[in-house]
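Student: The structure is given below, and queries will be raised subsequently.
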Amino acid sequence: MNPLHLQTLSAIIDEESFEDAASILGVSPSAVSQRIKALEKEIGRVVVRRTSPPTPTDAGEILLQTARRMELLQAEANAQLHERIDRVPLTVAINADSLSEWFKPVLADVARWDSATLHVRVEDEAYSLALLKRGDVLGAVTGEAKAASGCESIALGAFHYVSVANPWLLDRYTSRDGTVDWRTMPVLRFGPRDALQDKDLERRLGQVPRRRRVSEIPSAEAFFEAARVGLGWALLPESQAAPLLESGEVVMLDSTVFEVPLYWQRWRLESPSLDRLTESVIVAASQVLRPVSGTA
C-alpha cells in the first residue's frame, strides 16, 4: 500500500476538501483524486464519500487509522534522527468537564516537551470513542470501558456530579407540599449530545419529558454561570458546585451523587510520545477523579 496514498486520504479528511488537501500537499486537485482512485482500486473498495465535507467510509476509517499511526511514528523518527524539534502531532478527544477540571496539568506537561503539539477535540464522553475508532484521534477520554479494536483501555476514575439549581428557580417549580415539578422546570445541557441531565430525569421519572425548556450552553464556564443565575437546573461536578453551595447561590436538589466513570483509550502502538501522554493523563486524572464505586 502506497504511503503517499494514505497521506492523501488523511489530508482530505483533515482539510475537509480535495482542493484544500491538494494545497497542503503541494499538488493539483486532480493528482489528489488520482491518488484516492488508485487507493480504492488497490483495495477494491470506496474509501471516501464524495460529500461536503468528504467523510471516510468504513474501509476508509481503517486506512485512516493506519495513516495516523504512520504520521506519528514518522514525526518521532524525524525528531530522533535529526536531533531537532519536530512536530509530533498528539490529537486527543476529551469531554468539556474533564478539560476544565483535571486535564490542565497535561497541558503544562506537553508545554515542556520539545517535539510535540497537542490538538484537543471537545466531545461528550459517550461519543469520543467514535473519533478514536475512526482514526481522528490517537487517544480519548471516554465512558466506555471495553477497549476498541487495536486500542487499550485504562480506568481513570469517576466524576461525581450533583444536581443543583438556583434557589429562586427551585422555589418557583416546587409545590406547596414540597414536590418538585421535574417535568416543567427548565434544564441546561452542554449541547445536543449531552445526555447527563436526561439520564438523571430518567432516574427520577422513568422517562424524559418531551415538552420541557432546554437551554444549550456549549461552554463549561458559561454552563456553570447559567446554573448559578437560574437559567435551568443542571448536574455540576462536585468540585464546581461546592463554592456555589457554600455561598447559597445554588442548592442541591437531592443528596444523590451521579457517578460517571471515565477511561483513557489509546492506540496500542509503540510510541514514546503517546506513552508519555498516557502517563500524564493518568497522573492528572488521579488528582481529581474518585474511585469508581459502581453504585451510580
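Student: State all residues of the stretch 67-76 that are within 25 Å of the chain's Cα centre (by Cα) and at pLDDT below 85; if no residue qualifies, say none. Quick ask: steps written out before the conclusion?
Tutor: Quick first cut of the stretch 67-76, residues within 25 Å of the chain's Cα centre (by Cα) only: 67-73, 75-76.
ARG68, ARG69, MET70, GLU71, LEU72, LEU73, ALA75, GLU76, listed by residue number.
Student: Taking the stretch 272-290 as the search range and keeping residues that are closer than 17 Å to ASP97 by Cα and not β-branched (Val, Ile, Thr), which one is nearest to the chain's Cα centre (by Cα)?
Tutor: ALA285
Student: Further question: Would you mind stating whether VAL48 is over 18 Å from LYS133 (Cα atoms) and more than 21 Å from the chain's Cα centre (by Cα)? Let's see the steps before the verdict.
Tutor: Working: over 18 Å from LYS133 (Cα atoms): no; more than 21 Å from the chain's Cα centre (by Cα): yes.
Judged against the criteria, VAL48 is not a match.
Student: List every residue pair whose Cβ atoms sit under 6 Å apart, with the two residues 6 or more apart in sequence or on different chains, where the first one lies in the stretch 110-136 and is under 23 Å from ASN78 (Cα atoms) and the second, anywhere, is basic (Lys, Arg).
Tutor: Within 6 Å, the pairs are THR117/ARG87; GLY135/ARG68.
Student: Would you mind telling me which numbered condition in (1) modelled with pLDDT of 95 or more; (2) under 27 Å from PHE223 (Cα atoms) ILE154 fails?
Tutor: Checking ILE154 against (1) modelled with pLDDT of 95 or more; (2) under 27 Å from PHE223 (Cα atoms), the one that fails is (2).
Student: Let me ask something else. Can you tell me which residue in the stretch 30-58 is nearest to ASP14 (Cα to Cα), limited to those that are assigned to a loop (DSSP other than H, G, I, E, B) and among the small types (Gly, Ala, Ser)? Walk me through how you get there before you give the answer.
Tutor: So in the stretch 30-58, the residues assigned to a loop (DSSP other than H, G, I, E, B) come out as 44-47, 50-54, 57.
Now restrict to residues that are among the small types (Gly, Ala, Ser): 44, 52.
Details: GLY44: 23, SER52: 13 Å.
Going through the qualifying residues, I end up with SER52.
Student: Now, a different point. Only residues in the stretch 11-28 that are under 17 Å from ARG121 (Cα atoms) count as the first member; pair them with residues that are surrounded by fewer than 18 Cβ atoms within 10 Å (Cβ to Cβ), Cβ under 7 angstrom, at least 6 apart or cross-chain, and list the lot.
Tutor: Listed by first residue and then by second, the contacts come to GLU15/ILE24; GLU16/PRO53.
Student: I would also like to ask the following. Pick out the one residue from PRO261, PRO209 that is modelled with pLDDT under 95 and either out of contact with any helix residue (DSSP H, G or I) (no Cβ under 8 Å at 6 or more places or on another chain) or not in a helix (DSSP H, G or I) (or both).
Tutor: Values: PRO261 fails: modelled with pLDDT under 95.
It is PRO209.
Student: Could you say which residue among ALA226, ALA234 is in a helix (DSSP H, G or I) and either more than 27 Å from the chain's Cα centre (by Cα) or at pLDDT 95 or above (or both)?
Tutor: On the way: ALA234 fails: in a helix (DSSP H, G or I).
Being in a helix (DSSP H, G or I) and either more than 27 Å from the chain's Cα centre (by Cα) or at pLDDT 95 or above (or both) holds for just one of ALA226, ALA234, which is ALA226.
Student: Being within 18 Å of LEU277 (Cβ to Cβ), in contact with a strand residue (DSSP E or B) (Cβ under 8 Å, 6 or more places away or on another chain) and touching a residue at least 60 places away in the same chain (Cβ under 8 Å): is that true of LEU64 here? Spell out how you get there, then give the answer.
Tutor: Working: within 18 Å of LEU277 (Cβ to Cβ): no; in contact with a strand residue (DSSP E or B) (Cβ under 8 Å, 6 or more places away or on another chain): yes; touching a residue at least 60 places away in the same chain (Cβ under 8 Å): yes.
Answer is no for this residue.
Student: Suppose the filter is surrounded by fewer than 17 Cβ atoms within 10 Å (Cβ to Cβ), in contact (Cβ under 8 Å) with a residue 60 or more places away in the chain and at positive phi; does GLY150 pass it?
Tutor: Taking the combined requirement at face value, the residue satisfies it.
Student: Among the numbered criteria (1) at pLDDT 95 or above; (2) within 18 Å of SER98 (Cα to Cα); (3) in the same structural domain as ASP181 (by TED's automatic domain parsing), which single criterion is violated by PRO218?
Tutor: It fails just one condition, (1).
Student: Tell me, which helices (runs of 4 or more DSSP H) lie completely within the stretch 71-175 with 1 or more residues that are in the same structural domain as GLU225 (by TED's automatic domain parsing)? Full working, then the answer.
Tutor: Working: elements: 96-101, 104-111, 128-134, 167-172.
Result: 167-172.
Student: Sticking with this structure for a sec: Kindly provide the set of residues from the stretch 77-106 that are farther than 19 Å from GLU125 by Cα and modelled with pLDDT of 70 or more, ordered by number.
Tutor: Going through the stretch 77-106, the residues farther than 19 Å from GLU125 by Cα turn out to be 77-89, 105.
Once the filter is applied, which keeps residues that are farther than 19 Å from GLU125 by Cα and modelled with pLDDT of 70 or more, the stretch 77-106 yields ALA77, ASN78, PRO89, PRO105.
Student: Same structure, new question: Go through (1) surrounded by fewer than 14 Cβ atoms within 10 Å (Cβ to Cβ); (2) over 30 Å from ALA75 (Cα atoms) for PRO261 and report which single condition fails.
Tutor: For PRO261, the exception is condition (1).
Student: Would the stretch 230-252 turn up any residue that is buried (at least 18 other Cβ atoms within 10 Å of the Cβ), of a type in the set (Gly, Ala, Ser) and free of Cβ contacts under 8 Å to residues at least 40 places away in the same chain?
Tutor: Looking through the stretch 230-252, none of the residues is buried (at least 18 other Cβ atoms within 10 Å of the Cβ), of a type in the set (Gly, Ala, Ser) and free of Cβ contacts under 8 Å to residues at least 40 places away in the same chain.
The values are calculated or read from the model by the stated rules, or taken from the named source; none is laboratory data. On a predicted model such as this, the values are computed, not experimentally measured, just so you know. Quick reminder, even Gly has a Cβ in these numbers, built from the backbone with ideal geometry, and neighbours come from all protein chains shown.
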